[in-house]
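Inspection log for the structure reproduced underneath, given as C-alpha cells.
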Amino acid sequence: MGTHSFNPSKSYAEELDRNDPLGRFRQEFYLPEGRIYLDGNSLGLLSRRAERSLQQVIAAWRDLGIDGWTEGEQPWFDLSERLGAMMAPLVGADPEEVIVTGSTTVNLHQMVATFYRPRGKRTKILADVLNFPSDIYALQSQLRLHGLDPEEHLVRVPSRDGNTLDEEEIIAAMTDEVALILLPSVLYRSGQLLDIPRLARAARVRGIPIGFDLCHSIGAIPHALSEWEVDFAVWCTYKYLNSGPGGTAGLFVNRKHFGRLPGLAGWFGSDKAKQFDMEHRFTPARTAGAYQIGTPNLLSTAPLIGSLEMFAEAGIERIREKSLRLTRYLMDWAEKELSKYGFALGNPTEDRRRGGHVALIHEEAVRICKALKDEGVIPDFRAPDVIRLAPVALYTSFADVWEAVQRLRRIMEEKSYERYEKKRGVVA
Ligand SMILES: *Cc1c(COP(=O)(O)O)cnc(C)c1O
C-alpha cells in the first residue's frame with residue numbers, strides 16, 4: 001500500500017489539521033454540535049456565506065418586489081448565467097457552456113430530449129447497472145416517449161464485482177446500435193471515478209454523443225469537460241456544493257452544440273435580449289442558457305452565490321488534494337485497523353480511480369450505521385451493505401476522521417450494533 005507511513009496517534013491527525021491550507025474554511029460552516037458529519041456527499045452543510053446570500057435575495061424581494069429582476073446587488077434575470085460562469089471552472093468549461101437551472105433529473109430529461117436522436121439501427125441508449133435509479137427512470141421514460149421498449153433499447157453495462165465498472169467493457173458496449181451514452185463520473189455507491197477522457201474519446205471516435213452525471217464529483221474533483229470534448233453533463237448542487245436541500249442544479253453543453261434546439265423548450269431558454277419581446281417564435285440563447293425551461297427557483301439558487309465564492313477562493317485543485325489525503329487517511333485506518341472487524345473497501349484505492357467518499361462494505365452495514373448515528377457520527381447507508389463516509393475538504397478535519405474511526409472501533413469491539421433492527425430507514 002503506497003510508500004507513505006500510517007500514524008494512528010491523535011496528535012498526528014491534529015498536526016495534519018494545523019498544516020492544512022484549507023483549514024480556515026471549516027469555521028465558515030455550521031457544524032452540528034458534538035457530531036461528526038460524514039454525509040456531505042448526500043447533503044452538504046450550510047455555510048454562513050450561503051446563508052447570507054439567501055438572505056440577500058429575500059431582502060431584495062422584500063425591498064424591491066418585481067424590480068428585483070433587474071436591480072439590487074444580484075439581479076435575478078441573469079443570475080443563472082452568472083452562477084453558471086462561476087461554476088464553469090469546477091467542470092473545466094467556458095462560462096457560456098454552463099447554466100444553473102432545474103434539478104439533476106429534469107436536466108437529464110432535457111439533455112436526453114435534446115441529444116437522443118434514434119435513427120435506423122442506432123436506437124439504443126447505453127448506461128450501466130450501477131447507475132443511479134432516477135437517471136435510469138429518466139432514460140426508460142425517454143425511450144417510451146419514442147415508442148421504444150426500454151427492455152430492448154436501454155443497454156446497461158454489467159459490473160463484475162457489484163461495486164465497480166470496467167472502462168474496457170463500457171467501450172466494448174459502444175456498438176453501432178448505440179445512439180446515446182450516459183454514465184456517472186463517480187459512482188454513487190462505491191465512489192469509483194471513471195476515466196472520463198478515455199470514455200469520451202472512445203464515444204467520439206464512434207460518433208456517439210456522450211454525457212456524464214457529475215453529482216458525486218462536482219465540488220470534489222476537477223474536470224476538463226471542454227478539453228475532453230464531453231457533449232453534455234448534469235449535476236446537483238446540494239451535495240459537495242452545499243447549496244441546500246433541493247438547491248438548483250447545473251448543466252453543461254459543449255459549445256460545438258450551441259444552436260441546437262432544446263428538446264424541452266421554455267421562455268427562459270430564450271436569447272435574453274429577445275425574451276420579453278413575447279414572440280411565439282422561439283429564439284434560443286446561443287449558450288447553455290438555451291436549455292433552461294421556466295422561471296428560475298431564485299430562493300433555491302441564491303445560496304450558490306456565497307457557496308461558489310468559497311470554491312473560487314479555495315480552488316478545486318486544492319480541494320481535490322485535501323480530499324485525497326482525507327480519504328487516504330480513512331482508508332489506511334480501514335486497512336490497518338478495521339479489516340479485522342470484517343470491513344472491506346468497496347471503492348478503488350488509487351487516487352485517479354476514487355472520488356470523494358470511502359465505501360466500507362460490511363454485512364452488518366445497516367445496523368452499524370444506526371449505531372454510528374447514535375454515537376454522533378453521521379454516515380449514510382446504501383443497500384445492501386455499503387457504509388459511505390465522506391470527509392469533505394472544506395469542513396472535515398483529520399481529527400474528525402480520527403474520532404469517527406475511534407467511535408466505529410468501539411461499536412465493533414462492544415458489538416453494540418447488535419442492539420439495532422436490521423431494517424433501513426425510509427431515507428437511508
Ligand atoms: C443525487 C443524485 C441524483 C439526484 O437527482 P435529483 O434530481 O436532484 O433528485 C441523481 N443522480 C445521481 C447520480 C445522484 O447522485
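Calculate the dipole size of the chain relative to its Cα centre from +1 charges on Lys and Arg beta carbons and -1 charges on Asp and Glu beta carbons; express the result in debye to the nearest 20. Write out the running numbers ahead of the final one.
On the way: 54 positive and 58 negative charges, 96 e Å.
Dipole of the chain, to the nearest 20 debye: 460 debye.
First measure r as the distance between the Cβ atoms of E321 and R201, then evaluate 1/(1 + (r/R0)^6) with R0 = 30 Å and state the FRET efficiency to the nearest 0.05.
Efficiency for this residue pair is about 0.70.
Could you compute how fast region 68-152 diffuses translationally, taking Rh as the Kirkwood radius over C-alpha pairs and applying Stokes-Einstein at 20 °C with viscosity 1.002 mPa s? Give it in µm² per second.
The Stokes-Einstein estimate is 140 µm²/s.
Quick one: what are the phi-derived ³J(HN,Hα) couplings along region 310-316, Karplus 6.51/-1.76/1.60 with θ = phi - 60°, whole Hz, x for glycine and proline?
5, 5, 5, 6, 6, x, 5
Mean separation of Cα pairs under 8 Å and 6+ residues apart, divided by the residue count of region 1-114: what relative contact order is that in percent? Could you put the intermediate results ahead of the total?
Details: 55 pairs, mean separation 12.7, N = 114.
Contact order relative to length: 11 percent.
Compute, for E167, the solvent-accessible surface of its heavy atoms (probe 1.4 Å) with the complete set of protein chains present, and express it in square angstrom to the nearest 10.
The accessible area comes out at roughly 20 Å².
So if we plug the beta-carbon distance of V106 and M278 into 1/(1 + (r/R0)^6) with R0 = 22 Å, what FRET efficiency do we get, rounded to 0.05?
Given R0 = 22 Å and the Cβ-Cβ separation, E is 0.35.
How big is the C-alpha Rg of the chain next to the rule-of-thumb value 2.2 N^0.38 Å, as a ratio? Write out the running numbers ahead of the final one.
Values: Rg = 22.1 Å, N = 428, 2.2 N^0.38 = 22.0 Å.
That ratio works out to 1.01.
Could you go through region 337-344 in sequence order and give the Karplus-derived ³J(HN,Hα) for each residue, using 6.51 cos²θ - 1.76 cosθ + 1.60 with θ = phi - 60°, rounded to whole Hz, and x for Gly and Pro?
10, 9, 4, 5, 9, x, 7, 10
Just the projected area, averaged over all directions, of the convex hull on the alpha carbon atoms of region 1-81: how many nm²?
Values: hull surface 37.5 nm².
Averaged projected area of region 1-81's Cα convex hull equals 9.4 nm².
Enter the accessible area of I99 (Å², nearest 10), with the probe set to 1.4 Å and all protein chains included.
0
What nm distance separates the two modelled labels at S11 and A428, each placed 7 Å from Cα along Cα→Cβ?
4.3
Once both labels are modelled 7 Å past Cα along the beta-carbon direction, what's the R122-D63 spacing in nm?
Placing both labels 7 Å along Cα→Cβ, they lie 5.4 nm apart.
For the chain, build the charge dipole from Cβ charges (+1 Lys, Arg; -1 Asp, Glu) around the Cα centre, then report which of L90, W228, Q56 sits farthest towards its positive end.
W228
State which entries of K239/K322; K373/K423; K10/K373; K124/K239; K370/K415; K340/K415 exceed 19 angstrom in Cα-Cα distance in the structure shown. Present the calculation step by step, with values, prior to reporting the outcome.
On the way: K239/K322 17 Å; K373/K423 15 Å; K10/K373 22 Å; K124/K239 31 Å; K370/K415 12 Å; K340/K415 13 Å.
Those over the limit are K10/K373; K124/K239.
Label D161 and A383 with points 7 Å out from Cα along Cα→Cβ: what is the distance between them in nm?
2.4
If packing is taken as the mean number of other Cβ atoms within 10 Å per residue, what is the order of 43-51, 136-144, highest first? Please list the in-between numbers first.
Numbers: 43-51: 20.7, 136-144: 18.2.
So the peptides 43-51, 136-144, ranked by packing, come out 43-51, 136-144.
Based solely on its DSSP helices, what 222 nm [θ] is calculated for the chain when runs of n ≥ 4 H residues each add -39,500 (n - 2.57) and the sum is averaged over all residues, nearest 500 deg cm²/dmol?
One gets -10500 deg cm²/dmol as the mean residue ellipticity at 222 nm.
Among N107, M174, L298, pick out the residue whose Cα is farthest towards the positive end of the charge dipole of region 52-313, where Lys and Arg carry +1 and Asp and Glu carry -1 on C-beta, about the Cα centre.
Most positive-ward Cα: M174.
The values are calculated or read from the model by the stated rules, or taken from the named source; none is laboratory data. Just so it is clear, the structure is predicted and the values come from calculations on it, not from any experiment. All Cβ positions, even for glycine, are placed from backbone atoms using ideal geometry, and neighbour counts span all protein chains on display. Just the protein is used for accessible areas: all its heavy atoms, side chains included, with ligands, DNA and RNA removed. Shrake-Rupley method; radii C 1.70, N 1.55, O 1.52, S 1.80 Å.
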